[in-house]
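The values are calculated or read from the model by the stated rules, or taken from the named source; none is laboratory data. No experiment lies behind these values; they were computed from the predicted model shown. No Cβ is skipped: glycine too gets one built from the backbone with ideal geometry, and neighbour counts run over all protein chains shown. Remember, those area values only see protein heavy atoms, side chains included, never the ligands or the DNA or RNA. Shrake-Rupley method; radii C 1.70, N 1.55, O 1.52, S 1.80 Å.
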Amino acid sequence: MAMATTTSKQKIVHQLFTALGKHLKTKPLEARPVLEQFVYAILRENATRESADQAFASLQEHFFDWNEVRVSSTLEIVEALDGIVADAETRAQRIVDFLQEIFETTYSFDLEPLLEVLQKKGLKLASKQLARYQAANEYAVTWVIQQSLGGHAIPLDAAAIRALKRMGLAEESGDLESLRTSIEHQVPKAKGLQFVDLLSVLTDVHCHEDQPACSRCPLRQACPTGLESKHTVAATSKKPR
Ligand code: SF4
């Protein structure tokens, strides 16, 4: 998919907020300590906010505290997540690895002292430090920067990137960092969280991995892939029989 021009990019982003945002009023997220934001990010990547909220609540119901999660088997954690989020096993393992690493380095599950250090470092150095955790990836680090440090950082998961490429907002072969920079340039900081939520809904309801449901998508008049599929359908239906 060719990259959209700056004007059409703005039009698509605007459509996302208006056409899709009409149906989804984003509430502020529950405030959480930085350790819990990290765990939440592991659950939120490639899942909707609703599923991540349910998965997080399920962990809290099934386990007494984070230490109990750490010493539990992956299978027990999978049981708490199963049917709520996909890839429950990978997520469970990452959560255990993360909690284990935190426990081994701090002998507690309190990362708030680290947060104070990170706040003084500035966002770039803070990102580098967070990325050192074995369970960290670009999404989790960006999530924590956005939620705990108030940075203008937009976490993009594989599903979001797929939709952004189809919408011509991302290059097919571009790297993630330049994509994030470009998106952060187009979406104001105050709307960062809503943008993430809207992309999750879009990919969950319309922009599926296989066969995007363009004909029912509210972005079909602005999205190049949606327009292309409309023309293909029109051309096919006009063919003489
Ligand atoms: S029009 Fe199609 S390709 Fe574009 S965002 Fe909607 S579902 Fe995805």
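I need a count of the residues in segment 167-192 that are among the hydroxyl-bearing types (Ser, Thr, Tyr) and touching a Lys or Arg at 6+ places or on another chain (Cβ under 9 Å). Working first, answer last.
As a first pass, look at segment 167-192 and keep what is among the hydroxyl-bearing types (Ser, Thr, Tyr): 173, 178, 181-182.
Narrowing the set further to residues that are touching a Lys or Arg at 6+ places or on another chain (Cβ under 9 Å) leaves 182.
The number of residues fulfilling the criteria is 1.
Here are some residues: GLU89, GLU61, GLU45. Which one is in contact (Cβ under 8 Å) with a residue 12 or more places away in the chain, open to solvent by less than 60 Å² (accessible area, probe 1.4 Å) and of a type in the set (D, E, K, R)?
Details: GLU89 fails: open to solvent by less than 60 Å² (accessible area, probe 1.4 Å); GLU61 fails: open to solvent by less than 60 Å² (accessible area, probe 1.4 Å).
Result: GLU45 is the single residue among GLU89, GLU61, GLU45 that is in contact (Cβ under 8 Å) with a residue 12 or more places away in the chain, open to solvent by less than 60 Å² (accessible area, probe 1.4 Å) and of a type in the set (D, E, K, R).
Listed residues LEU125, LEU118; which is part of a helix (DSSP H, G or I), surrounded by fewer than 13 Cβ atoms within 10 Å (Cβ to Cβ) and not acidic (Asp, Glu)?
On the way: LEU118 fails: surrounded by fewer than 13 Cβ atoms within 10 Å (Cβ to Cβ).
Only one candidate passes the filter, namely LEU125.
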Requested in this report: Out of the residues in segment 220-236 that are within 7 Å of the ligand (Cβ to nearest atom) and at pLDDT 90 or above, state the one that is surrounded by the most Cβ atoms within 10 Å (Cβ to Cβ).
Outcome: CYS223
Query raised in the report: Tally time: how many residues in segment 48-58 are aliphatic (A, V, I, L, M), within 24 Å of ILE161 (Cα to Cα) and without any contact (Cβ under 8 Å) to a residue 24 or more places away in the chain?
Result: 0
Report summary line: Over segment 205-219, the set of residues open to solvent by 40 Å² or more (accessible area, probe 1.4 Å) and either among the basic types (Lys, Arg) or near the ligand (Cβ under 8 Å from one of its atoms) (or both) is HIS208, PRO212, ARG216
Report summary line: Pairing a residue in segment 154-171 that is at positive phi and in the same structural domain as VAL13 (by TED's automatic domain parsing) with any residue that is open to solvent by 10 Å² or more (accessible area, probe 1.4 Å) and part of a helix (DSSP H, G or I), where Cβ atoms lie under 6 Å and the two sit 6 or more apart in sequence or on different chains, gives GLY168/PRO224
Requested in this report: Considering only segment 96-115, state which residues are surrounded by fewer than 16 Cβ atoms within 10 Å (Cβ to Cβ) and closer than 14 Å to GLN37 by Cβ.
Outcome: ASP110, GLU112
Requested in this report: Read through the list (1) open to solvent by 30 Å² or more (accessible area, probe 1.4 Å); (2) within 14 Å of LYS9 (Cα to Cα); (3) over 15 Å from the mean Cα position of the chain (by Cα), then give the number of the only condition that GLU184 fails.
Outcome: (3)
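Conditions (1) more than 21 Å from the chain's Cα centre (by Cα); (2) closer than 19 Å to ALA52 by Cβ, marked per residue:
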| site | (1), (2) |
| --- | --- |
| ARG94 | no, yes |
| GLU112 | yes, no |
| GLU116 | yes, no |
| LYS120 | yes, no |
| ALA126 | no, no |
| ARG132 | no, no |
| ALA136 | no, yes |
| VAL141 | no, yes |
| VAL144 | no, yes |
